[in-house]
Amino acid sequence: MKILKFGGSTLFDADSTQKVIQIIQKESKQEQSFPVVVSAFSGITDLIIELSHCAANHGQNYKILLKQIQDTHTTMAAELIPEANQSAIMGQIQTMFAEMMDTLHGVFLVRELSFKTLDFVLSFGETLAATILTAALQEKGSETTLIDPRTFIVTDNRFGFAHVNFKESEKKTIEALKDKKGISVIPGFIGATADGETTTLGRGASDLTATLVGAALKADEIEIWTDVNGIMTADPQKVPKAISIDSLSFVEALELSHFGARIIRPQAMHPAIQAGIPVRIRNIHQLDYEGTCIDSEVESAFLVKGISSIDEIALLRIQGSGLMGVVGISNRLFGALAKQEINVILITQASSEHSICIAVCPESADLAKDAIGEEFDLEISAGAMEPIIVERDRSIVAIVGENMRSTPGISARLFEALGKNGINVIAIAQGSSERNISVVIDRTDESKALNTLHDAFFLSGTKSIHLFILGTGLIGGTLLKQIQDHTPHLQKQSSLEIRVVGIGNIDGMVFNVNGLNISKWQILMEKSGQKINLDRYINTMLDLNLPNSVFVDATGIETIVDYYEQILGSAISIVTPNKIANSGPLSRYNKLKECVSAHGVKFLYETNVGAGLPVLSTLNDLMSSGDQILKIEAVLSGTLSYIFNSFNGDRQFSEIVREARDKGLSEPDPRDDLNGLDVARKILILARDSGIPLEPKDVEVENILNAECRKAPTVDAFLRALEKSDPEIEERRKAAEKNNAVLRYIACLENGKASVKLQEVNGSHPFYGLSGSDNMIVFTTDRYKERPLVIKGPGAGAEVTAAGVFADIIRIANYLS
């Protein structure tokens with residue numbers, strides 16, 4: 001025999017109730033007799049509570065709300081039962097509402113609503129639903145009887161949350177139901193005292209009714225029907241990637257439900273656990289899915305079965321030297337709380353006995369603080385114990401699983417995942433059973449923690465990151481195109497999911513936590529209507545607080561750099577081709593490095609030097625492996641490389657500069673390249689990453705332009721002045737040619753000093769054979785002394801630079817996974 005229980009979410013309207021009827025009828029073809037437990041129709045219990053309090057407050061609106069509830073039930077009955085056969089059920093409904101009205105009118109007159117009266121009024125919700133369902137099943141030809149649970153569920157008189165007398169209830173349940181034929185429809189949630197006074201078993205207690213009946217009748221299985229696919233690995237409203245769980249042990253279910261998972265109440269599982277009866281959670285909308293089976297022993301490949309959370313708790317800290325080694329402290333603490341009927345959700349104590357932390361519901365925090373303070377008043381007054389500290393706006397996140405027992409590395413994975421996302425753990429609790437690890441965190445981090453841990457334990461083979469891209473010029477726009485083109489490949493080959501959730505440029509900004517359609521990013525930007533505001537953009541990114549977030553600064557704007565410290569401090573990694581942060585004041589460079597270290601994030605800027613060439617990563621690898629950097633020589637400007645590689649005597653220097661400008665190889669004003677400052681910034685970054693603390697002024701820079709060229713008011717004026725200076729630079733070229741050498745604009749770092757200048761190199765030097773706009777970097781180290789390590793390739797261009805940024809993003813994804 002099965003026990004079928006249908007919650008309010010399955011009785012949402014006539015269509016969903018018809019599905020319930022079909023499920024019951026299907027079961028009746030296999031079983032001649034079985035009980036069906038039902039909750040009130042969806043939303044009715046809340047409305048009854050509202051109108052009851054309205055009546056107690058002498059509000060006339062209670063009549064309107066009661067009429068609204070009556071209309072809901074009469075409409076439901078009218079849609080389920082043909083009009084010709086409605087008179088009986090309509091009469092029953094009218095009788096019950098008349099009784100409700102009489103009771104509520106009394107509440108209205110005396111302006112008092114006791115728990116006893118509220119229980120009586122609430123009982124009509126389940127009774128009405130069961131009455132209508134019984135009539136509908138009878139109309140379908142099913143042998144169906146409505147059974148009043150007050151005849152067999154015996155409770156104490158704690159109205160509002162009555163405790164069940166299990167032994168007496170089991171005996172009466174057997175007497176009431178064992179020999180019943182056909183379908184027995186039972187309103188859930190309701191019981192009665194030994195004197196027959198109506199009680200309720202607490203919100204969500206229809207499940208308890210089902211398990212009580214199942215245990216008494218020794219059912220084969222208890223099916224609890226809902227509107228979701230069984231139990232999920234996490235709350236899908238908070239974790240969109242949550243998946244259904246095929247099976248759970250009773251212990252796992254108890255742990256998860258204690259920490260907020262929407263399974264069934266722990267009290268409701270007790271009869272099933274005692275009787276050893278499986279409980280199955282099923283979905284009325286997907287009958288082909290078997291749902292989640294909760295049983296004594298289950299097998300699973302998952303180490304962790306579920307992740308749940310309690311959204312808001314208060315944490316009380318009791319600490320002081322007077323606690324250490326003193327017998328009876330815990331007894332007094334929990335005794336004081338018990339006297340006030342305060343439920344303790346979580347307990348943790350340091351082995352030094354110096355402090356004890358407890359978590360309670362926020363509404364109990366002040367009462368708990370006062371109770372503890374009163375109990376330990378002498379110790380606090382004497383200074384042996386500090387005043388009780390209450391921390392509000394905290395959440396508890398718990399991971400649960402039978403397979404966690406005796407499995408090394410579970411805690412490490414949990415704390416690593418949280419740490420990499422900047423989620424601070426305030427308190428930790430783990431029982432000796434090892435089935436549960438609970439952490440207390442700031443409430444603002446709850447969603448982020450749930451998603452982070454879900455990825456770590458259930459999608460460990462999948463890496464996902466959330467990108468915020470600022471700047472959609474040549475590099476930013478190309479990066480978006482590359483992400484769009486390569487996302488399918490990354491998902492298939494590397495199990496990497498990249499979500500671009502924020503884009504900003506000079507025209508506006510747009511966000512979508514589920515990921516923007518980057519194939520239409522220009523259209524989205526036009527439609528967004530949000531003007532760019534750096535403060536708002538950065539604050540939106542921080543407020544979203546998404547796990548595995550990466551900020552990409554694809555601009556060349558200095559003001560954005562001012563936000564880097566705040567971004568890194570919020571556990572968001574940064575990728576940028578923008579050199580300003582690393583080539584400005586040394587204090588800022590050092591501060592950013594300190595932020596990276598303190599918050600466990602990444603700050604990657606491979607494209608600051610050499611565009612897409614692996615220059616900085618190679619330097620880092622050399623130093624990490626213990627090599628000593630002796631000298632770095634580099635041609636670091638694609639523009640200057642092209643100009644001097646082409647300057648072979650066939651054409652004037654000014655002509656080559658004009659050509660580079662016309663081809664887009666130089667800045668609009670070529671002086672920005674020819675002054676050597678961009679090269680100086682790059683060698684400065686190499687110096688700092690080599691461990692040499694230089695300031696920008698410490699780099700010796702040769703500006704190859706004469707004073708007239710530098711002071712020219714316009715670009716055209718500059719180009720005319722450059723033509724006049726052609727003989728000067730030509731003279732230097734000829735001098736080099738006499739020495740069988742060529743001119744190259746070279747950055748050099750040696751003996752702690754950095755310089756950028758125009759130099760002659762002969763045929764034995766690697767720079768002699770450079771062509772086009774290639775960059776070349778030569779590392780001379782202890783290991784690469786006789787034959788230096790050479791990196792050569794295009795050092796400029798949107799495609800290679802964007803590819804370098806993309807590579808940095810993937811490095812961060814691999815670090816975070």
Note to self: If I ask for residues that are of a type in the set (Ser, Thr, Tyr) and either farther than 18 Å from Asn675 by Cα or open to solvent by 30 Å² or more (accessible area, probe 1.4 Å) (or both), which ones from region 623-641 would you list?
What the structure shows: Ser624, Ser625
Notebook entry, point to check: Restricting region 459-488 to residues that are among the charged types (D, E, K, R) and part of a helix (DSSP H, G or I), which is surrounded by the fewest Cβ atoms within 10 Å (Cβ to Cβ)?
Noted result: Asp485
Note to self: Go through (1) open to solvent by 40 Å² or more (accessible area, probe 1.4 Å); (2) assigned to a strand (DSSP E or B); (3) within 26 Å of Asn517 (Cα to Cα) for Ser447 and report which single condition fails.
What the structure shows: (2)
Item checked: Residues located in region 185-204, provided they are of a type in the set (A, V, I, L, M) and buried (at least 24 other Cβ atoms within 10 Å of the Cβ) -> Val185, Ile186, Ile190, Leu201
Next item on the list: May I ask you to verify whether Ile3 is more than 18 Å from Ser123 (Cα to Cα), under 41 Å from the mean Cα position of the chain (by Cα) and touching a residue at least 24 places away in the same chain (Cβ under 8 Å)?
Entry: yes
Margin query: Quick check on my filter: what residues within region 80-89 are in contact (Cβ under 8 Å) with a residue 24 or more places away in the chain and loosely packed, with under 14 Cβ neighbours inside 10 Å?
Written below: Pro82, Asn85, Ala88
Next item on the list: Within region 160-175, work out how many residues are surrounded by 20 or more Cβ atoms within 10 Å (Cβ to Cβ) and either touching a Ser or Thr at 6+ places or on another chain (Cβ under 7 Å) or assigned to a loop (DSSP other than H, G, I, E, B) (or both).
Entry: 2
Notebook entry, point to check: Pairs, please: C-beta under 7 Å, at least 6 apart or cross-chain, first residue farther than 13 Å from Lys792 by Cβ and in region 755-781, second part of a loop (DSSP other than H, G, I, E, B) and open to solvent by less than 10 Å² (accessible area, probe 1.4 Å)?
Noted result: Val756/Gly676
Note to self: Can you tell me which residue is least open to solvent (accessible area, probe 1.4 Å) among those in region 90-125 that are out of contact with any His (no Cβ under 8 Å at 6 or more places or on another chain) and not in a helix (DSSP H, G or I)?
What the structure shows: Ser114
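Here's the yes/no breakdown for (1) more than 14 Å from Gln32 (Cβ to Cβ); (2) at pLDDT below 95; (3) over 45 Å from the mean Cα position of the chain (by Cα):
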| position | (1), (2), (3) |
| --- | --- |
| Ala135 | yes, no, yes |
| Glu139 | yes, yes, yes |
| Ile147 | yes, no, yes |
| Gly160 | yes, yes, no |
| Lys171 | yes, no, yes |
| Leu177 | no, yes, yes |
| Ile183 | no, no, yes |
Checklist line | Residue count for region 707-738, restricted to those that are open to solvent by 40 Å² or more (accessible area, probe 1.4 Å) and over 18 Å from Ser646 (Cα atoms) | finding: 9
Item checked: Selected residue [in contact (Cβ under 8 Å) with a residue 40 or more places away in the chain, open to solvent by 60 Å² or more (accessible area, probe 1.4 Å), over 22 Å from the mean Cα position of the chain (by Cα) and under 20 Å from Asn775 (Cα atoms)] from Asn620, Asn608 -> Asn620
Next item on the list: Would you mention how many residues in region 426-435 are touching a Leu at 6+ places or on another chain (Cβ under 9 Å) and farther than 20 Å from Ile389 by Cα?
Entry: 0
Notebook entry, point to check: Among the candidates Leu104, Leu122, Leu128, which residue alone is within 14 Å of Cys54 (Cβ to Cβ) and touching a residue at least 24 places away in the same chain (Cβ under 8 Å)?
Noted result: Leu104
Next item on the list: Within region 642-662, work out how many residues are modelled with pLDDT of 95 or more, surrounded by fewer than 20 Cβ atoms within 10 Å (Cβ to Cβ) and closer than 17 Å to Gly795 by Cα.
Entry: 1
Note to self: Going through Phe259, Phe250 one at a time, which residue ends up being touching a helix residue (DSSP H, G or I) at 6+ places or on another chain (Cβ under 8 Å), aromatic (Phe, Trp, Tyr) and open to solvent by less than 20 Å² (accessible area, probe 1.4 Å)?
What the structure shows: Phe250
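Select from region 658-709 the residues that are assigned to a helix (DSSP H, G or I), of a type in the set (Val, Ile, Thr) and within 20 Å of Glu760 (Cβ to Cβ) and list them in ascending order.
Val679, Ile683
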Next item on the list: Give region 136-153 a look and list any residue that's buried (at least 23 other Cβ atoms within 10 Å of the Cβ) and not in a loop (DSSP other than H, G, I, E, B), or say none.
Entry: Ala136, Leu137, Pro149
Notebook entry, point to check: What about Ala242, is it open to solvent by less than 20 Å² (accessible area, probe 1.4 Å), assigned to a strand (DSSP E or B) and closer than 21 Å to Ile441 by Cβ?
Noted result: no
Notebook entry, point to check: So which residues in region 48-69 are open to solvent by less than 50 Å² (accessible area, probe 1.4 Å), of a type outside the set (Gly, Ala, Ser) and in contact (Cβ under 8 Å) with a residue 12 or more places away in the chain, if there are any at all?
Noted result: Ile48, Ile49, Leu51, Tyr62, Leu65, Leu66, Ile69
Check: Is there a residue in region 273-286 that is aliphatic (A, V, I, L, M), closer than 13 Å to Glu252 by Cα and either outside any strand (DSSP E or B) or free of Cβ contacts under 8 Å to residues at least 60 places away in the same chain (or both)?
Finding: yes
Item checked: Within region 415-435, considering residues that are modelled with pLDDT of 90 or more and farther than 24 Å from Ile567 by Cα, the one most open to solvent (accessible area, probe 1.4 Å) -> Ile428
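The values are calculated or read from the model by the stated rules, or taken from the named source; none is laboratory data. Not measured: the values here are computed from a predicted model. Quick reminder, even Gly has a Cβ in these numbers, built from the backbone with ideal geometry, and neighbours come from all protein chains shown. Surface accessibility is based on the protein's heavy atoms, side chains included, excluding ligands, DNA and RNA. Shrake-Rupley method; radii C 1.70, N 1.55, O 1.52, S 1.80 Å.
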